[in-house]
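First comes the structure, then the notes that go with it.
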């Protein structure tokens with residue numbers, strides 16, 4: 001069976017990666033997972049300077065998943081290059097670096113710093129960050145802003161660019177088209193869905209931030225729908241994510257149009273979830289006589 005896939009001219013040994021923010025940079029999971037078996041490691045978001053993130057409490061369980069309001073806490077690009085990329089040198093897998101920022105200039109600073117890093121195969125741009133120059137509206141919630149930031153990054157980036165789309169929009173197809181028209185090499189979706197939890201006993205918000213990003217199996221039907229709509233709106237590859245817990249979930253995303261899949265919240269429940277998903281995908285292919293994983297991409301129209 002052929003499990004190899006291509007995204008923006010880059011070949012992956014299989015279509016399974018991990019969702020940014022759920023796997024660190026692989027270091028935390030190395031003793032539980034053979035990182036060499038993954039198609040790619042997608043790192044936690046990195047900014048131009050260290051971010052402290054939001055006040056606690058910032059994670060809570062909810063029915064069918066979890067809410068998080070971490071606030072993209074990260075050590076900044078200097079530590080990321082010296083520590084995380086150095087760690088990843090030991091592994092034979094692709095590396096996708098997730099980039100975040102509050103302004104276009106902050107994103108570009110990280111993109112330029114990574115331009116000569118040979119260990120970085122692709123960039124994934126988190127456009128769910130609040131744009132401080134636009135009243136904290138996320139870059140990914142307005143098509144015109146998404147086009148601007150995509151164009152700016154494409155002008156500076158040496159690696160292929162994946163734009164990670166927010167689901168908190170009216171028309172995901174419009175956003176996908178905006179990313180494609182501005183030169184994105186691929187898109188990934190969905191990021192978390194904005195949610196809230198209130199403690200009825202204390203009558204207070206559970207998260208200090210009041211709202212958080214919902215992830216986990218409860219969001220999968222929404223994610224599959226959006227991947228289907230986005231993949232049919234553009235001609236660039238789509239990386240699908242949102243509630244993938246088992247191999248059949250991943251296959252469902254591929255049938256909807258995803259060329260690759262990311263395992264996210266499942267990593268918190270089972271550190272080996274990504275490898276389990278990969279093995280279950282292989283069993284599915286054996287059971288149904290699928291010789292090439294690419295045959296499944298967008299097979300349901």
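The values are calculated or read from the model by the stated rules, or taken from the named source; none is laboratory data. Small disclaimer: the values here were computed from a predicted structure and weren't measured. Positions of Cβ are backbone-derived with ideal geometry, glycine not excepted, and every protein chain shown enters the neighbour counts.
Below is a table of values for the structure above.
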item	result
Complete set of residues in the range 292-301 that are free of Cβ contacts under 8 Å to residues at least 60 places away in the same chain and assigned to a helix (DSSP H, G or I)	295, 296
Residue count, the range 258-291 (criterion: out of contact with any helix residue (DSSP H, G or I) (no Cβ under 8 Å at 6 or more places or on another chain), free of Cβ contacts under 8 Å to residues at least 60 places away in the same chain and assigned to a helix (DSSP H, G or I))	3
Residue, nearest to the chain's Cα centre (by Cα), within the range 86-97, restricted to residues that are in contact (Cβ under 8 Å) with a residue 40 or more places away in the chain and in a helix (DSSP H, G or I)	88
Residue that is farthest from residue 6 (Cα to Cα) [pool: residues in the range 177-196 that are touching a residue at least 60 places away in the same chain (Cβ under 8 Å) and buried (at least 16 other Cβ atoms within 10 Å of the Cβ)]	195
Which numbered condition residue 170 misses (of (1) in contact (Cβ under 8 Å) with a residue 24 or more places away in the chain; (2) not in a helix (DSSP H, G or I))	(1)
Members of the range 83-103 that are buried (at least 16 other Cβ atoms within 10 Å of the Cβ), at pLDDT 95 or above and over 10 Å from residue 47 (Cα atoms)	84, 85, 87, 88, 91, 93, 94, 95, 96, 97
Unique residue being under 23 Å from residue 267 (Cα atoms), out of contact with any strand residue (DSSP E or B) (no Cβ under 6 Å at 6 or more places or on another chain) and free of Cβ contacts under 8 Å to residues at least 40 places away in the same chain when the list is 75, 50, 57	75
Considering residues of the range 224-242 that are part of a helix (DSSP H, G or I) and in contact with a strand residue (DSSP E or B) (Cβ under 7 Å, 6 or more places away or on another chain) only, the residue surrounded by the most Cβ atoms within 10 Å (Cβ to Cβ)	227
Flag for residue 124 being closer than 27 Å to residue 222 by Cα, assigned to a helix (DSSP H, G or I) and at pLDDT 95 or above	no
Complete set of residues in the range 131-145 that are closer than 19 Å to residue 47 by Cβ and crowded, with 17+ Cβ neighbours inside 10 Å	131, 138, 139, 140, 145
Identity of the residue in the range 243-257, touching a residue at least 60 places away in the same chain (Cβ under 8 Å) and under 27 Å from residue 28 (Cβ atoms), that ends up surrounded by the most Cβ atoms within 10 Å (Cβ to Cβ)	250
Qualifying positions in the range 31-59 - crowded, with 16+ Cβ neighbours inside 10 Å, over 17 Å from the mean Cα position of the chain (by Cα) and not in a helix (DSSP H, G or I)	33, 48, 51, 54, 58
